[in-house]
Amino acid sequence: MNLDEYMGHDATGLAELVAAGEVTSAELLDLARQRMRQVNPTLNAVVIETEAEADVRVQQPLPGPFAGVPFLIKDLAQEYRGYPTTSGCRALRSAAETQNAVVTDRFLEAGLVIFGKTNTPELGAKGITESDLWGPCRNPWDTTRTPGGSSGGSAAAVAAGIVPAAGANDGGGSIRIPAATTGLVGLKPSRGLAPYGPQTGEPMFGMAVQGVVARTVRDSAGLMDAIVGPNQFADYQAAQPDRRFAEAIADRPEGLRIGFTGRSAIRGEPTAEATAALETTAQLLTDLGHHVEEVAPPYDDKALAETFLTIWFAQVAGQVDEIKQRTGAGDRDFEADTLAMVEVGRANGAVGLIRALGEITTYTRAMEQFYQSYDFFLTPTLAEAPIRIGALDTPKPMQAVARLAHRVHGGAAMLRTGLIDQMIEANLGWVPYTQMANLTGRPAISVPVHWTPQGLPLGVSFNGRLGADADLLRLAAQLEEAAPWIQRFPAMGG
């Protein structure tokens with residue numbers, strides 16, 4: 001097998017070739033590393049290599065549905081024994097893990113050959129992947145632009161052909177945003193379906209979930225089958241699917257009712273790119289026999305963003321405090337933007353956090369009311385094409401102010417300046433659609449049915465009711481069949 005042939009297969013196809021004896025695990029690993037050497041110096045997608053373990057695995061018989069397929073995991077909440085989980089943070093760059101995460105074990109039990117960990121922003125706290133520790137990750141479709149975040153390294157690696165799928169997770173869009181910017185499939189599963197632990201319980205009060213980014217729907221379905229299942233470390237047991245996802249996608253949905261909108265209280269009317277993505281998708285769905293109509297947004301996304309960020313900042317404040325206590329790290333070991341989030345989280349206080357958590361019910365009820373009339377809610381995943389590297393950089397003087405505010409606990413003063421509104425517009429303005437699924441615990445999937453005239457991917461997202469993960473995958477498989485995207489690769493050579 002040569003490199004072009006390797007890149008032309010998805011993970012399911014590669015596993016079939018290994019099972020048939022047409023290629024070995026070692027040969028696939030060599031090809032994955034060859035592609036990584038070609039493109040990673042430019043992309044900066046893979047930041048930690050796990051060579052010794054990978055070399056041992058390919059010399060052994062491997063069980064599982066993806067036996068022998070090269071794979072990468074995210075350097076955040078996907079711990080791998082013997083290697084640090086830096087989460088893009090200088091404070092965590094030296095401490096090696098003593099045990100695997102449950103999700104990592106399940107990737108290994110599926111037969112995948114993990115040979116590296118992928119770039120992520122500090123603590124996964126941004127929709128871009130540009131940490132001070134690792135530097136920016138770049139989008140293979142246009143290396144001046146971001147692959148999104150926080151699973152940007154995984155998405156860039158898959159889109160560039162290093163691996164056909166990679167580990168990811170999603171606390172506010174961190175699977176779907178990178179999938180949308182790089183032309184991939186990204187399912188954010190229902191709350192509690194994919195395992196966390198044993199290092200932590202559910203991050204973000206259950207808003208963050210494990211998953212993958214993949215080039216094909218069948219890989220997304222098969223890998224979800226590999227990681228979903230009872231988890232002894234969970235605080236509760238989510239209802240398990242009654243059928244394997246890989247089997248469910250063989251069925252094609254008929255006569256779905258789909259409401260769509262691109263309007264946003266943060267952005268106003270959708271951009272031309274977002275509108276085109278919706279129009280392309282609506283026409284495709286109509287041609288497939290579904291009923292599609294434009295609807296008013298069922299919730300106020302600016303108010304939802306305020307709720308989301310209040311919870312997010314509290315989570316970051318707690319994380320930084322825990323890391324400092326555990327490692328002895330100081331303020332210099334964290335980015336200025338992270339310290340600013342900490343102070344806002346502190347200033348909001350326990351009452352602000354409890355109020356925000358209580359507001360989640362408002363959005364859950366609004367969406368369940370919507371689902372009385374529609375099967376799915378369709379939006380663009382992105383409000384605009386992938387933004388340029390550095391577009392959200394905080395100016396150096398403002399970084400200095402953020403560090404000073406942290407030292408003097410000036411979060412209340414920061415709030416009075418309208419900082420929250422500024423952060424919503426700057427950081428969520430290009431991705432205002434994704435946080436709802438995390439707040440409500442509902443599943444959502446981004447699929448790559450649209451490219452801009454400049455050749456940049458701009459995915460669309462379908463949001464479903466609780467437990468509709470298989471239904472979302474079935475619809476994605478139908479769209480993939482009608483408008484195939486697997487043979488689309490960025491024009492990026494070695």
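The distance from the alpha carbon centre of segment 377-420 to that of segment 242-315 is 26 Å, rounded to a whole number. Taking every alpha-carbon pair under 8 Å whose residues sit at least 6 apart, the chain reaches a relative contact order of 18 percent. Here the Kirkwood formula, the inverse mean of 1/r across different C-alpha pairs, assigns segment 181-272 a hydrodynamic radius of 15.8 Å.
Packing around the peptides 181-190, 211-220, 425-434, taken as the average count of other Cβ atoms within 10 Å per residue, puts them in this order, highest first: 181-190, 211-220, 425-434. Span-like helices, the chain: DSSP H, alpha-carbon axial extent 18 Å or more, mean Kyte-Doolittle 0.0 or greater, which ones? What comes out of the filter, once short or polar helices are dropped, is 272-287, 336-370, 469-482. Maximal additional length on extending the THR394-THR24 stretch stands at 128.5 nm, based on 0.36 nm per residue less the C-alpha distance.
Among the listed pairs LYS74/LYS126; LYS74/LYS188; LYS74/LYS396, which have their C-alpha atoms separated by more than 19 angstrom in this model?
Among LYS74/LYS126; LYS74/LYS188; LYS74/LYS396, the Cα-Cα distance tops 19 Å for LYS74/LYS396.
Of the beta bridges DSSP finds with both residues in the chain, what % are antiparallel, to the nearest 5?
Within the chain, antiparallel bridges account for around 70 percent of the total.
What does the convex hull of the alpha-carbon atoms of segment 342-494 project to on average, in nm²? Approximately 13.1 nm², given one-decimal rounding. Normalised by the number of residues in segment 176-268, what is the relative contact order in percent for Cα pairs under 8 Å and 6+ residues apart? It comes to 26 percent, rounded to a whole number.
Any read-out appearing in this document is the output of simple, stated calculations on the displayed coordinates, not a laboratory observation. Keep in mind that what you see is a predicted model, and the values were worked out from it rather than measured. A quick note on method: Cβ atoms are made from the backbone with ideal geometry, for glycine too, and the neighbour counts reach across all protein chains shown.
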